Amino acid sequence: QKEVEQNSGPLSVPEGAIASLNCTYSDRGSQSFFWYRQYSGKSPELIMSIYSNGDKEDGRFTAQLNKASQYVSLLIRDSQPSDSATYLCAAPTNFGNEKLTFGTGTRLTIIP
Amino acid sequence: GAGVSQSPSNKVTEKGKDVELRCDPISGHTALYWYRQSLGQGLEFLIYFQGNSAPDKSGLPSDRFSAERTGGSVSTLTIQRTQQEDSAVYLCASSFGYGYTFGSGTRLTVV
């Protein structure tokens, strides 16, 4: 089993709708989780981090963490064409170690 | 500097030649990482430096790959006797605590 797993997509969502991106992880000891956005030909950019169970909101983005189910998700409300990118989920997989393991990413396309 | 700086941004090299890729992390960031990303693929971990600790080299794909970090700051990734399968974008990131900042990468093409 991969340490951090994402649906590879691609995922297409109409403009203005909610995009939902999902990620599961295998290490129960993981305490922090990150979502990165990567535009085509660019490097990944950190957009959200979450450390506690529940929801964390930042503008149109909401990260959701369920440690019991080892599941983390990213919701994008009022999706815009500029949200079209690959979204990478990441978690440190060794306690006390900052090194992140990344999922393979989900490619999201927002359809105008 | 304000961000993670990588050079060169693009490198074309002939098979069998050695290449050096440079990364200048954000000032004060104690951790530095190298990843590579092949076209359409995910991020592949290569090596991790944390302060003065011995680096985590567990991701280096072969002994042709090596990296050093001088003075706890600038890092150089060296690939000896390059092969076509080494063609990829090489990404450097730095952090202080959790969450990385990536540089813009070096696109390496081996012909």
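If you add up the charges near B:VAL110, with Lys and Arg at +1 and Asp and Glu at -1, over every other residue whose beta carbon is less than 15 angstrom from its beta carbon, what do you get?
+2
Sorted from largest down, give the three principal axis spans of the alpha carbons of chain A, whole angstrom values.
Largest first, chain A extends 42, 29, 22 Å along its Cα principal axes.
Just flag the trypsin sites (Lys or Arg not before Pro) in region B:31-70 sitting in loop per DSSP whose Cβ has no more than 14 other Cβ atoms within 10 Å.
B:LYS57, B:ARG64
Going Cα to Cα from A:LYS99, which lysines come in below 29 Å? Please leave out same-chain ones fewer than 8 positions away.
Output for A:LYS99: A:LYS2, A:LYS42, A:LYS56, A:LYS67, B:LYS11, B:LYS57.
Which residues among region B:44-73 fall inside the zone where the amide N is under 13 Å from a point 7 Å beyond the Cα of B:SER5, along Cα→Cβ?
Within reach of a label on B:SER5, which here means backbone N under 13 Å from a point 7 Å along Cα→Cβ, region B:44-73 contributes nothing.
Projecting each Cα onto the charge dipole of the protein assembly as shown (Lys/Arg +1, Asp/Glu -1 at the beta carbon, about the Cα centre), which of A:THR62, A:SER49, B:VAL12 comes out farthest on the positive side?
Farthest along the dipole direction, towards plus: B:VAL12.
Restricting attention to region B:56-99, which chymotrypsin sites (Phe, Trp or Tyr not before Pro) occupy a DSSP loop and are surrounded by at most 16 other Cβ atoms within 10 Å?
B:PHE96
What is the mean number of Cβ atoms from other protein chains located within 10 Å of the Cβ atom of each residue in peptide B:87-99, rounded to a whole number?
Shielding by partners across B:87-99 averages 3.
Any idea what the alpha-carbon Rg over 2.2 N^0.38 Å comes to for region B:58-107?
Taking the Cα Rg and dividing by 2.2 N^0.38 Å, one obtains 1.27.
Tell me, what ³J(HN,Hα) does each residue in region A:38-44 have, in order and in whole Hz, if you take phi through Karplus 6.51 cos²θ - 1.76 cosθ + 1.60 with θ = phi - 60° and put x for Gly and Pro?
Coupling constants for region A:38-44: 10, 6, 4, x, 10, 8, x Hz.
Please work out the Cα center distance from region B:7-38 to region B:60-80, rounded to the nearest Å.
First find each Cα centre; the distance between them is then 8 Å.
Give me a single rounded figure for B:43-50: the average over its residues of other chain Cβ atoms within 10 Å of their Cβ.
Rounded to a whole number, the mean comes out at 3.
When Cβ neighbours within 10 Å are restricted to other protein chains, what is their mean count per residue of peptide A:101-107?
3
First check a/c for chain B, with a ≥ b ≥ c the square roots of the eigenvalues of its C-alpha gyration tensor; if it is under 1.5, answer rounded, and if not, answer prolate when a/b is larger than b/c or oblate otherwise.
Note, shape of chain B comes out prolate.
Take the Cβ-Cβ distance between A:ASN22 and B:LEU39 as r, set R0 to 25 Å, and report the resulting FRET efficiency rounded to the nearest 0.05.
For R0 = 25 Å, the calculated efficiency reads 0.50.
Short version: ³J(HN,Hα) in whole Hz for each residue of region A:98-112, in order, from phi by Karplus 6.51 cos²θ - 1.76 cosθ + 1.60 (θ = phi - 60°), x for Gly and Pro, what are they?
Ordered by residue, 3J(HN,Hα) equals 7, 4, 9, 9, 9, x, 7, x, 10, 7, 10, 10, 9, 8, x Hz.
Excluding residues fewer than 8 places away in the same chain, name every one of the aspartates and glutamates whose C-alpha is closer than 18 Å to that of B:LYS17.
Within reach: B:ASP63, B:GLU85, B:ASP86.
Evaluate the Debye formula for the protein assembly as shown with equal point scatterers sitting on the alpha carbons, no solvent, and hand back log10 of I(q)/I(0) at q = 0.08, 0.11, 0.17, 0.18 Å⁻¹, in q order, two decimals.
Summing over Cα pairs of the protein assembly as shown leads to -0.29, -0.55, -1.22, -1.32.
As an exercise, identify the trypsin sites (Lys or Arg not before Pro) in region A:1-63 lying in DSSP coil whose Cβ has no more than 14 other Cβ atoms within 10 Å.
A:LYS2, A:ARG28, A:LYS42, A:ARG60
Local charge sum around B:ALA88 (other residues, Cβ-Cβ under 13 Å, Lys/Arg +1, Asp/Glu -1)?
With Lys, Arg at +1 and Asp, Glu at -1, the neighbours total 0.
Just to be sure I follow the definition: excluding the sites themselves, where is the longest run in chain A that has none of the chymotrypsin sites (Phe, Trp or Tyr not before Pro) in a DSSP loop with at most 16 other Cβ atoms within 10 Å?
So the longest stretch without any such site is A:52-94.
Readers should treat all values here as calculations from the given coordinates under stated rules, not as data from a laboratory. These numbers come from a predicted model, not from an experiment. Quick reminder, even Gly has a Cβ in these numbers, built from the backbone with ideal geometry, and neighbours come from all protein chains shown.
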